[in-house]
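Since the structure comes first, as structure tokens, the remarks are kept for the end.
What follows draws every value from the coordinates through simple rules; no lab data is involved. The structure presented is a predicted model; accordingly, all values stated were derived computationally and were not measured. Methodologically, a virtual Cβ is constructed for each residue, glycine included, from the backbone with ideal geometry; neighbour enumeration extends over all protein chains shown.
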Amino acid sequence: MSRYILGILALAVAALHFFAGGQEIVKPLLTSNIPTASITVLYACWHIVTVLLAWSAFVFWKGGAAAFHFGLLWVASSLAFLWACVFVPTTIELFIAPQWVLLGPIGLFALWCNRKATQLRSN
């Protein structure tokens, strides 16, 4: 049951990224005055993250070892946001971004769900 909740949470994060991120991040990016090459790379990265978040929802829904590894990825991503906020002076505004708040707890929930499922299979 918890893997279904996890899948739904991850899908909600992917939808939030796609819809809210598209309005708040992508539209201003595409109309900015930075070099076209930089816009293209950042736009591609945004799409890659969108696909990975959506794929995470599927993996979490299915459960298993892959869900554990995706949980590690979500926790590591959250820690990367926090690390950048602390050690990179120009990125402190990342602290108010919702990514690290969403990725960390959901990733930890994925790890907990996998641990729980592993314990049930071994008994």
Treat the count of other C-beta atoms within 10 Å as a stand-in for reagent exposure and order Cys113, Cys85 from fewest to most. Cys85, Cys113
For the chain, modelled as a GNM with alpha-carbon contacts under 10 angstrom, which of Ser38, Ser77, Ser56 fluctuates the most? Ser38
A student applying the Cα gyration tensor rule (rounded when a/c is under 1.5; otherwise prolate if a/b is larger than b/c, oblate if not) would label the chain prolate
Cα long-axis angle, helix 99-122 against the chain (0 to 90 degrees, to the nearest 10): 20 degrees
Which of Leu82, Leu42, Leu53 moves most in a GNM of the chain, Cα contacts under 10 Å? Leu42
Please identify, among Leu30, Leu73, Leu11, the residue showing maximal mean-square fluctuation in a Gaussian network model of the chain using a 10 angstrom Cα cutoff. Leu30
Taking the Cβ of each residue in Phe58, Phe87, Phe81 as the centre, tally the other Cβ atoms inside 10 Å and list the residues starting with the fewest. Phe87, Phe58, Phe81
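Where does each of Ile39, Ile106, Ile8, Ile34 land when they are ranked from fewest to most other beta-carbon atoms within 10 angstrom?
Ile34, Ile8, Ile39, Ile106
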In degrees from 0 to 90, rounded to the nearest 10, what is the angle of the helix 65-87 Cα long axis to the longest principal axis of the chain? 40 degrees
Taking the chain and dividing mean pair separation by its residue count, relative contact order in percent (alpha carbons under 8 Å, at least six apart): 31 percent
In deg cm²/dmol, rounded to 500, what helix-only [θ] at 222 nm does the chain give when every DSSP H run of at least 4 residues adds -39500 (n - 2.57) and the total is split over its residues? -27500 deg cm²/dmol
